[in-house]
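Please read the structure below before turning to the comments.
The values are calculated or read from the model by the stated rules, or taken from the named source; none is laboratory data. Everything quoted here is computed from the prediction, not taken from an experiment. Cβ: placed from backbone, ideal geometry, glycine included. Neighbour counts: every protein chain shown.
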Amino acid sequence: MVEIDIEKENKAIAQEYKELLRISYQTLSTEDKKLIRKAFDYAVEAHQDQRRKSGEAYIFHPIAVAKIVAGEIGLGATAIAAALMHDVVEDTDITVEDIEREFNPKVAQLVAGLTKIAQVKKDMNISMQAENFRKMLLTLNDDVRVIIIKIADRLHNMQTMESMVDYKQVKIASETLYIYAPLAHRLGLYNIKTKLEDLGLKYTEPTVYNDIVSKIKETKEEQDAYIKNISDVLKKSLDEEGVEYIIKGRPKSIYSIRRKMAAQNVSFDEVYDKFALRIVYKSNQHDEKFLAWKIYSIVTDHYRPSPSRLRDWISSPKSTGYEALHITVMGPLGRWVEIQVRSERMDEIAEKGYAAHYKYKQGANEESGLDTWLNLLKEALENAETNAVDFVEDFKMNLYAKEIYVFTPKGEIKSLPKGATSLDFAFSIHSEIGVKTRGTRVNGKLVPLNYELKSGDQIEIITSVNQKPTANWLDYVTTSRAKNKIRNVLNENTKKIAEDGKEVLARKLKHLKISFNEQTVNELVAFLKLKTSLDLFYRVGIGSVDNQQLKDFAAQKSNTFFNFFKNKIKKNPSANPDLVQKDEITQKYDLLVFGAEQDKLDYKLSTCCNPIPGDLVFGFVTINEGIKVHKRDCPNAISMQSNYAYRILQAKWIDSTQQEFKATLDITGMDSLGLTNELTRVISNNMHVNIQSISLSGEAGIFNGKLTVVVPNNTVLKKLIENIKKIDGVDKISRSS
């Protein structure tokens, strides 16, 4: 009996192998077939004693992954061979070196990349999971095919999860929605992205999923009849015009219906464009655009289009390489219907993404949008100094973002993620232009740096050699590239201010007859309840540590009782020095602010992760309890950020002593030539003072001015007031707010 089963299984395995060769998208040479056969035999032997939880032979899994890679994604023999062997190194004694010896360095490199991803522990906290994703994304530096095979592996795992326990299904499904579906989207693998999203929903929200599936089945007949009605009308006109085409109905994905229901707070019946039509036409590349607009004209002769929902990705393809014309028209019975128009070439790129994109790109010199994106991604990965959770959040936002198309002053087109600002645009041109940005003009008008760009905007960047980024800039940008560069520059500026502060501190301590050494610095850090010596030097540099604080420190240092007590702690072996230091050196992250404008809002701390001041956090707008604050690595963070992104608020603890404050000064005096110039010069020479607004007027020899400045603390403001008083002609200066 067992023999017959094994014989049956072997026949099924052989059948799967034949199917793999048959469905391959690439034309396989004799050498390619030899390579695939060898990899197949190698994998069969390596996995011969393994079975999956469902009971079937393990080898069916790598063959299924190879079939997805060969047929649905369309990669060539090297990737198919690597897919067949993707679990060999992890599950057996075979090494990457063995594979390199038996096959070739390229196959070995792909298998090594896949093994690296697989070897990270499966059950881990979210910040470790994020670190795992960062490591996984670093394999893009070697070969993007590693990630593509990993996506195929994840798709097959999602398709065969029935025999797993519930909590593992939810964990794997959440991870899929969190990172793998956005990656598939960004690589142009739209079919696979849709499958991953639908399967993700099936396991994370089974009730919702099953409800939508049953409703789609109920309405299928009615929808099919509706689509046939439109198709019949269009076919008649397309045939008359001699267009070669096929029309197919395209149901909306379950996940996208769910997303619309949640975003618009509507029921299944109220989601208006659940079905769509796709017209795929034959054409040579030269006539593609002409034919697409001819079909547009035929469609709109019969059905009224919605001008606001026309998407022209033929004139400006997406950075993934996607090209198509999307028209939303008012169909019979007053229902909106989306009609996608694509040539056969465009359809192949939409189905196969990366692989088809490269098949058609051969011989073209210009860098593709996808190549540009991969280069930007490598830059972000190499420069990422942020913690892994931040990095993955930024990365994910840039993966899934819809695109807008904007123009440079010379009329060149640039694509940016939806939500990008004028400052993001500056950094997308060049990092050095970004950091020197003083202002931006959109369509000829001056706009703030955080102005959100729209498709069709033309942006001009105004730069200045004296301009430097401030911490607020991080709230003005959305792209990873801009954030990384701003952080790098801010770190350099902090170090420079700290160096100046160190010299000032040494001078002030000498004046107080205190030696400037490591011990003194550590004692002063503890006395001021700071975290590091860099914090101390930086605060001295910006003037937030005043002379009185240093005098208090000197008085305490000279206090004999204090010295005696300090020595006693040192001598007492039972005292724990770490605890003493921990009590003394505390971070002053005592103020929680929300959003780009750093608003102070009412909130509650969530009990699931109990955040404390200083933790990395975000706000979540609940239905009944207002804003709840969660840690970034809260166990619920992924599901909240995956499913309710529209309810997430940026939030951070800030040191109230580091906060910038606004102050308005009223100035009066005798009007004289050059007084205005002298006033602005004095303000500019005061470090850490930003002018927010200035209004000056003069009448009959009397000068009146109102000046609003942003300063880090009162000490800096007092110094500014003293310097303004010294200007010849200034009579009075007072603070009005």
Legend entry - Within the range 315-330, tally of residues that are of a type outside the set (D, E), crowded, with 20+ Cβ neighbours inside 10 Å and under 11 Å from V341 (Cβ atoms): 3
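If you scan the range 599-652, which residues turn out to be assigned to a strand (DSSP E or B) and exposed (fewer than 13 other Cβ atoms within 10 Å of the Cβ)? Full working, then the answer.
From the range 599-652, those assigned to a strand (DSSP E or B) are 599, 604-605, 617-621, 627-631, 648-652; that's our starting set.
Hits for the range 599-652 are D599, K604.
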Inset, instruction - Would you mind stating whether D232 is out of contact with any helix residue (DSSP H, G or I) (no Cβ under 9 Å at 6 or more places or on another chain) and modelled with pLDDT of 90 or more? - result: yes
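When only residues in the range 49-67 that are within 25 Å of K106 (Cα to Cα) and without any contact (Cβ under 8 Å) to a residue 40 or more places away in the chain count, which is surrounded by the fewest Cβ atoms within 10 Å (Cβ to Cβ)? Walk me through it before giving the result.
Within the range 49-67, the subset within 25 Å of K106 (Cα to Cα) is 58-67.
Imposing the further condition that a residue be without any contact (Cβ under 8 Å) to a residue 40 or more places away in the chain reduces the set to 58, 62.
Working: Y58: 17, P62: 24.
Looking at the filtered set, the residue picked out is Y58.
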Inset, instruction - Being surrounded by 12 or more Cβ atoms within 10 Å (Cβ to Cβ) and over 30 Å from A181 (Cα atoms) narrows it down to one of V266, V299, so name that one. - result: V299
Inset, instruction - Identify, by number, the condition in (1) at pLDDT 80 or above; (2) among the hydroxyl-bearing types (S, T, Y); (3) in the same structural domain as K718 (by TED's automatic domain parsing) that S672 doesn't meet. - result: (1)
Legend entry - Selection status of V489, more than 19 Å from N690 (Cβ to Cβ), assigned to a helix (DSSP H, G or I) and among the β-branched types (V, I, T): no
Legend entry - Selection within the range 25-76 - at pLDDT below 80 and within 36 Å of the chain's Cα centre (by Cα): Y25, Q26, R52, K53
Legend entry - Extreme residue, modelled with the highest pLDDT, among residues of the range 601-648 that are charged (D, E, K, R) and under 23 Å from Y203 (Cβ atoms): R647
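Would you mind finding the one in L490, L453, L416, L423 that is among the aliphatic types (A, V, I, L, M), surrounded by 16 or more Cβ atoms within 10 Å (Cβ to Cβ) and under 24 Å from G541 (Cα atoms)?
Values: L453 fails: under 24 Å from G541 (Cα atoms); L416 fails: under 24 Å from G541 (Cα atoms); L423 fails: under 24 Å from G541 (Cα atoms).
One residue alone meets the criteria, L490.
Looking only at the range 261-280, decide whether some residue is in a helix (DSSP H, G or I), at negative phi and modelled with pLDDT of 85 or more. Even if it seems obvious, please write down each step before you answer.
First pass over the range 261-280, keeping only residues in a helix (DSSP H, G or I): 261-264, 268-270.
Checking which are at negative phi leaves us with 261-264, 268-270.
Those left that are additionally modelled with pLDDT of 85 or more: none.
Scanning the range 261-280, I find no residue that is in a helix (DSSP H, G or I), at negative phi and modelled with pLDDT of 85 or more, so the answer is no.
Hey, among the residues in the range 445-456 that are in a loop (DSSP other than H, G, I, E, B) and modelled with pLDDT of 85 or more, which one's farthest from K483 (Cα to Cα)? Please lay out each step first, then the result.
At the first step, the residues of the range 445-456 found to be in a loop (DSSP other than H, G, I, E, B) are 448-451, 453-456.
Remaining after also requiring modelled with pLDDT of 85 or more: 448-451, 453-454.
Numbers: P448: 17, L449: 14, N450: 13, Y451: 16, L453: 17, K454: 20 Å.
Per the criteria, the residue is K454.
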Inset, instruction - Please find, within the range 259-300, the residue that is farthest from the chain's Cα centre (by Cα) out of those that are within 30 Å of E218 (Cβ to Cβ) and of a type in the set (V, I, T). - result: V299
Legend entry - E222, sole failed condition from (1) part of a helix (DSSP H, G or I); (2) over 19 Å from W336 (Cα atoms): (2)
Legend entry - Of all residues making up the range 319-350, the number that are farther than 15 Å from S231 by Cβ and either in contact with a Cys (Cβ under 7 Å, 6 or more places away or on another chain) or acidic (D, E) (or both): 4
Legend entry - Restricting the range 405-450 to residues that are more than 21 Å from K318 (Cβ to Cβ) and of a type in the set (A, V, I, L, M, F, W, C), the residue that is nearest to the chain's Cα centre (by Cα): L423
